[in-house]
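Below: one structure, written as structure tokens.
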Amino acid sequence: MAEKSAFIAELVRTLTPLGDVRPRSMFGGHGLFLEGTMFALITRTDELYFRTDDGNRPDYEARALKKFGKMPYHMPPVEALADWPSIENWARGAVDASIRAKSAKR
């Protein structure tokens, strides 16, 4: 089971304005969940990737940001990790993408 790192703890604190963000250990890394929906993943090496879809993927692609394999997750820009104002749009976009994906499955 992956142990929660200082990076994850700080990231969860930074994302507090979103609501009750909870990390869950998964496949050696962690998923970040809001109201039961996963909107981000963190690798075992503390790389953050946000959920993407047609609504927010162009923002990542325009900046040539790294994709997580074939999964619908992209790494936000490094400067986004500085604080809440820097990460807010990236995080909210990821939450919206995860909600759209969940709705599409229904």
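Scanning the stretch 71-95 for residues being closer than 18 Å to residue 53 by Cβ, within 11 Å of the chain's Cα centre (by Cα) and assigned to a helix (DSSP H, G or I) gives a total of 6. In summary, residue 14 fulfils each of the numbered conditions (1) without any contact (Cβ under 8 Å) to a residue 60 or more places away in the chain; (2) farther than 16 Å from residue 96 by Cβ; (3) β-branched (Val, Ile, Thr) with the single exception of condition (1). The sole residue among 24, 13 that is at pLDDT 95 or above and loosely packed, with under 11 Cβ neighbours inside 10 Å is 13.
Against the numbered list (1) farther than 21 Å from residue 43 by Cα; (2) in a helix (DSSP H, G or I); (3) at pLDDT 95 or above; (4) not hydroxyl-bearing (Ser, Thr, Tyr), residue 55 comes up short only at (2). Answer yes or no as to whether residue 33 is assigned to a strand (DSSP E or B) and among the aromatic types (Phe, Trp, Tyr). Spelling it out, residue 33 is indeed assigned to a strand (DSSP E or B) and among the aromatic types (Phe, Trp, Tyr). Residues that are of a type in the set (Val, Ile, Thr) and either touching a residue at least 40 places away in the same chain (Cβ under 8 Å) or in contact with a Leu (Cβ under 6 Å, 6 or more places away or on another chain) (or both) were ranked within the stretch 61-106; the one that is nearest to residue 17 (Cα to Cα) is 87. Of all the numbered requirements in (1) under 24 Å from residue 104 (Cβ atoms); (2) basic (Lys, Arg); (3) in a helix (DSSP H, G or I), residue 13 misses one, and that requirement is (1). Considered as a group, the residues in the stretch 96-106 that are among the charged types (D, E, K, R) and in a helix (DSSP H, G or I) include one that is farthest from residue 80 (Cα to Cα), and that residue is 105.
The values are calculated or read from the model by the stated rules, or taken from the named source; none is laboratory data. Keep in mind the model is a prediction, meaning the values are calculated, not measured. Because the Cβ atoms are built from the backbone with ideal geometry, glycine has one as well, and the counts that use them run over all protein chains shown.
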